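Quick notes on the structure that follows.
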Amino acid sequence: MTVSSTTPWQAGPAHLRAVVVGVVAVAGALLFRSPTLLVLATPFAIVAVWSTATRPARDPSLVGRVGPPTVREGEATTWTGQLTDAGGVDHVVGVAPLRNWLEPRPRSGVAVRDVSTVIASVAIPMRSIRWGRHDLGPIRVACVSTWGAFRWTARDVGHRVVTLPLPAVFDAAPSSHHSNGLVGLTRSARPGDGTEFAGLRPFQSGDRLRRINWRRSLRSGELHVTATYADQDTHVALFVDAQADFGDSGGIDGAASSIDTSVRAAGAIAEHFLLRGDRVSLRVFGSRVPASVAPASGRAHLRRILDALASIEPPTYRPLQRGAPRGDMVRGDALAIMLSPLVSSTALDWAISLASHGLTVAVIDTLPGDVHVSDDPSTGLAWRIRLLERRVEMRAVQRVGIPVLGWDGPGSLDPFLREVARRASAPRMARR
Amino acid sequence: MSRARDPLQAGTMQRAVDELLAVSRQRWVLGIGAVATATTAFAAASVASGGWWLPGLVVVIASAIVSAARPDDHTGLVVVGLVIWQWLARVDDVGTPWLPVAACCMLVFHALLALTAVVPTSGSIPGATIARWTERTAVVAASTVAMWIVVVVLERRDLPGNGALTGLALLIVAATATAIRARSVRSPLR
């Protein structure tokens with residue numbers, strides 16, 4: 001709700017034309033007794049007098065608003081300019097600049113509205129087609145008086161819409177690995193108070209009465225209870241490599257670049273695990289705006305994670321500090337998922353480092369298949385060499401037990417999670 | 001060896017082409033209408049005088065095209081001035097029906113430029129706004145035709161000139177001009 005500058009009512013070229021032609025020609029017709037000149041000047045004289053007589057008396061007030069300020073990819077928001085004291089205004093024009101990831105309606109970004117009362121509004125709907133934080137302005141507003149003679153202009157700046165990534169479709173059938181959380185839907189390996197059936201056993205002191213299995217107890221003549229596995233949660237630590245963006249992004253309706261795939265996949269994985277009651281954390285590295293979300297669960301946390309993903313600004317290269325992400329965010333029992341195009345070896349270095357500290361790690365390769373780098377033969381050759389090196393690095397990582405998976409939507413992580421569940425009970429070596 | 005293209009110039013050209021492609025269909029229609037009315041006003045003088053002044057016609061068409069492309073500058077004033085100059089220099093018959101035609105054409109030319117001055121070329125003006133402007137233009141055009149009829153009737157009566165009346169009329173014109181100027185430049189209430 002900010003308007004940066006306004007210019008009071010000023011006469012435009014149309015008014016000057018009408019006044020100059022009207023006054024000069026009428027005066028000339030009288031002085032030189034030229035009825036032809038009088039006839040030719042008549043429309044301009046009438047327009048000049050009409051325009052002057054209906055000149056707006058007061059400057060209007062403009063209040064610009066954007067609603068909703070936060071949308072998902074593909075959804076629309078609307079900038080609305082409310083004008084008060086608009087008496088004498090003929091029509092109002094709103095012009096929104098054309099932005100990369102905002103599609104205004106109409107496509108020109110120009111809205112013209114008739115004004116017939118002292119209160120008027122002009123609105124420009126805009127559809128956001130890519131995640132991120134997008135500036136809408138500056139939006140120029142011009143009020144025009146009768147015959148276009150006078151105009152009042154304003155610039156409305158400072159509006160921004162946050163576009164949350166639309167998580168890709170994702171689902172995972174196998175249960176994830178063991179965890180020591182307190183709540184959640186994941187069956188733990190240990191018996192406890194849960195819903196998953198574990199077996200029947202004799203009653204012990206402390207057992208709840210509602211757990212007694214009466215049919216078994218009557219048959220055996222001894223009290224038995226239904227034992228269950230405890231329901232526990234998993235800490236899923238997401239790492240998003242935002243050092244660079246590869247491939248062309250066409251927004252929600254077009255092709256996905258590497259960072260598009262990373263962001264949407266991270267959103268999908270977070271949504272999936274959070275809705276199961278697990279804890280999810282996020283760390284974005286390489287972005288101009290550092291983003292980090294501590295582990296938590298719940299729908300509100302999903303919004304926090306999507307908000308952090310929307311703040312990623314990848315393209316500017318900046319050297320990244322080496323070293324694995326350690327600390328409170330990543331504990332030894334977390335399931336770490338790294339999303340990266342793997343063009344830089346940093347993500348793989350981090351993945352190896354995390355795995356060496358006992359974490360279960362998977363890497364999701366988000367590099368699009370049809371990346372066109374440059375028409376320059378030398379650059380093309382360098383890119384092909386880098387892709388070969390990348391393949392070697394990926395094989396090396398896989399050899400030490402870290403799976404590198406492609407992102408295919410639903411079931412992308414199923415083989416990995418199944419393997420993790422299988423290995424959950426087996427002893428593991430970890431460097432502590 | 002071929003000369004390398006100036007990237008700066010190529011960018012400017014590309015921008016110009018993009019801007020041309022972005023012009024809305026309605027804006028093309030209104031622009032063509034502005035050029036057509038200016039040309040018609042000039043042609044009316046040629047028809048009324050019985051001779052064509054081709055250099056003048058070319059200049060008027062070129063100025064009208066520039067005015068239609070950039071309605072928010074003063075090229076329109078040049079077009080109107082040329083048309084009036086053509087009438088004064090070549091036509092001496094106030095009773096010709098081409099005179100109100102030319103006056104109305106110049107009115108429409110002025111209205112089209114005024115209407116499109118603030119709206120970017122890629123934008124479209126709602127039909128309701130165009131209808132309202134059409135009504136207003138029709139009212140002024142009718143007044144112009146009425147003025148022409150009055151002038152023709154007075155011309156045919158061949159009344160003698162009256163210095164006092166002319167002076168009074170000039171005084172009224174001067175007072176009106178002063179009032180218009182005062183209202184046009186004063187700051188409105190905030």
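The values are calculated or read from the model by the stated rules, or taken from the named source; none is laboratory data. What you see is a predicted model; the values in this text were computed from it and never measured. No Cβ is skipped: glycine too gets one built from the backbone with ideal geometry, and neighbour counts run over all protein chains shown.
Filter the stretch A:1-45 for residues that are in contact (Cβ under 8 Å) with a residue 60 or more places away in the chain and more than 7 Å from chain B (Cβ to nearest Cβ); which is farthest from residue A:158 (Cα to Cα)?
Only one residue tops the list, namely A:10.
Looking for whichever is out of contact with any Phe, Trp or Tyr (no Cβ under 9 Å at 6 or more places or on another chain) and on the phi > 0 side of the Ramachandran plot here; the options are A:99, A:33, A:105. Which one fits?
A:33
Could you list, in sequence order, all residues of the stretch B:84-101 that are within 29 Å of residue B:131 (Cβ to Cβ) and within 7 Å of another protein chain (Cβ to nearest Cβ)?
The answer is B:99, B:100.
Could you list all residues from the stretch B:122-133 that are in contact (Cβ under 8 Å) with a residue 60 or more places away in the chain and surrounded by fewer than 20 Cβ atoms within 10 Å (Cβ to Cβ)?
B:122, B:124
Would you mind finding the one in A:113, A:133 that is assigned to a strand (DSSP E or B) and away from every other protein chain (no Cβ under 13 Å)?
From the options A:113, A:133, the qualifying one is A:133.
For the stretch A:256-308, what are the residues that are surrounded by fewer than 19 Cβ atoms within 10 Å (Cβ to Cβ), assigned to a strand (DSSP E or B) and basic (Lys, Arg)?
Selection gives nothing.
Any chance the stretch A:313-321 includes a residue that's in the same structural domain as residue A:243 (by TED's automatic domain parsing) and at pLDDT 85 or above?
Within the stretch A:313-321, none of the residues are in the same structural domain as residue A:243 (by TED's automatic domain parsing) and at pLDDT 85 or above.
Between a residue in the stretch A:118-146 that is without any contact (Cβ under 8 Å) to a residue 24 or more places away in the chain and any residue that is surrounded by fewer than 20 Cβ atoms within 10 Å (Cβ to Cβ), which pairs come within a Cβ distance under 9 Å, given they are 6 or more apart or on different chains?
none
Criterion first (in contact (Cβ under 8 Å) with a residue 40 or more places away in the chain and basic (Lys, Arg)) does residue B:136 satisfy it?
No: the conditions fail for residue B:136.
Identify the residue in the stretch A:103-130 that is among the hydrophobic types (A, V, I, L, M, F, W, C) and modelled with pLDDT of 90 or more and, among all such residues, is surrounded by the fewest Cβ atoms within 10 Å (Cβ to Cβ).
Going through the qualifying residues, I end up with A:123.
Is it the case, given these coordinates, that residue B:182 is more than 10 Å from chain A (Cβ to nearest Cβ) and either surrounded by 14 or more Cβ atoms within 10 Å (Cβ to Cβ) or part of a helix (DSSP H, G or I) (or both)?
Criteria not met by residue B:182.
Filtering the stretch B:1-34 down to residues that are basic (Lys, Arg) and farther than 20 Å from residue B:63 by Cβ, which residue is modelled with the highest pLDDT?
The selected residue is B:25.
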